[in-house]
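Trainee: Just passing along the structure, written as structure tokens.
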Amino acid sequence: MDINGEIEENAPKSDAGNRLVALDGGTVKVIKRHNKRQRQAREEAGAAWVESGRLFTRPNGEWVEPTWLSDYFDRLVKRSGLPPIRLHDLRHGAATMALKAGAKMKVVQEMLGHSSYALTADTYTAVLPELSMEAAEATARLISGRGTKRAPGLTSGSQGGKASKGAAKKDRKKSKKQQVKPAA
């Protein structure tokens with residue numbers, strides 16, 4: 001945290017902030033290459049190297065100032081021609097993409113270090129309306145037991161009657177098989 005131009009390290013807001021973060025294989029490869037370059041920079045700097053314990057540092061090993069990093073990110077975004085986005089927004093984007101990719105809300109909660117499942121759910125359930133539609137479709141497939149997709153937005157009774165009549169016929173057959181005949 002940058003306080004009056006001085007970098008101050010604070011404990012996470014909650015115990016959930018102390019966590020391991022899972023990384024995909026491609027990201028791990030990039031970090032390994034970065035670590036190799038950083039070891040070379042440490043050797044070249046010799047006694048001038050500042051051991052900050054950080055993965056991303058200035059060329060001499062010192063911390064990267066948060067305001068410098070945010071400003072640099074803003075310049076990169078502007079240069080890219082992409083819509084404006086703040087560095088912190090990447091965290092929200094990662095959570096949204098994880099949910100879209102099928103991650104469970106509990107996994108996203110732990111990924112973000114939120115202390116409360118409700119906080120994560122309240123923040124991200126409204127972000128992607130298509131997740132609600134996908135959930136509705138998946139639930140319909142589960143209930144129908146057929147695994148077939150229905151037209152979006154249609155209820156079982158709005159399929160022109162064909163789906164309802166077919167399902168009713170199957171239910172009658174099943175019911176007849178399950179009836180118990182009285183003993184003679």
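The values are calculated or read from the model by the stated rules, or taken from the named source; none is laboratory data. Quick caveat: nothing in here was measured; it's all calculated off a predicted structure. Cβ sites come from the backbone with ideal geometry, for glycine too, and all protein chains shown count toward neighbours. For accessibility, only protein heavy atoms count, side chains too; no ligands or nucleic acids. Shrake-Rupley method; radii C 1.70, N 1.55, O 1.52, S 1.80 Å.
Trainee: Cβ-Cβ under 9 Å, sequence separation 6+ or interchain: first residue in region 4-23 and over 18 Å from GLU62 (Cβ atoms), partner surrounded by fewer than 10 Cβ atoms within 10 Å (Cβ to Cβ) and among the small types (Gly, Ala, Ser). Which pairs?
Mentor: Here the result reads GLY17/ALA11; ASN18/ALA11, each pair linking region 4-23 to a residue that is surrounded by fewer than 10 Cβ atoms within 10 Å (Cβ to Cβ) and among the small types (Gly, Ala, Ser).
Trainee: What's the number of the condition THR123 fails, among (1) at pLDDT 80 or above; (2) assigned to a loop (DSSP other than H, G, I, E, B); (3) open to solvent by 50 Å² or more (accessible area, probe 1.4 Å)?
Mentor: (2) is the only condition that THR123 fails.
Trainee: Determine if region 81-104 includes at least one residue that is under 24 Å from LYS13 (Cα atoms), polar (S, T, N, Q) and over 8 Å from the mean Cα position of the chain (by Cα).
Mentor: No, region 81-104 contains no residue that is under 24 Å from LYS13 (Cα atoms), polar (S, T, N, Q) and over 8 Å from the mean Cα position of the chain (by Cα).
Trainee: May I ask you to list the residues in region 36-60 that are assigned to a helix (DSSP H, G or I) and open to solvent by 50 Å² or more (accessible area, probe 1.4 Å)?
Mentor: LYS36, ARG37, ARG39, GLN40, ARG42, GLU43, GLU44, ALA47, ALA48
Trainee: I'd like to verify a number: residues in region 13-35 that are part of a helix (DSSP H, G or I), among the charged types (D, E, K, R) and at pLDDT below 95, how many?
Mentor: Summing the residues that are part of a helix (DSSP H, G or I), among the charged types (D, E, K, R) and at pLDDT below 95 in region 13-35 gives 1.
Trainee: If you don't mind, another one. Looking only at region 104-118, decide whether some residue is part of a loop (DSSP other than H, G, I, E, B), surrounded by 13 or more Cβ atoms within 10 Å (Cβ to Cβ) and without any contact (Cβ under 8 Å) to a residue 40 or more places away in the chain.
Mentor: no
Trainee: Can you tell me which residues in region 62-97 are open to solvent by less than 90 Å² (accessible area, probe 1.4 Å), at pLDDT 90 or above and over 27 Å from ASP24 (Cβ atoms)?
Mentor: If the condition is that a residue be open to solvent by less than 90 Å² (accessible area, probe 1.4 Å), at pLDDT 90 or above and over 27 Å from ASP24 (Cβ atoms), then GLU62, ASP71 are the ones that fit.
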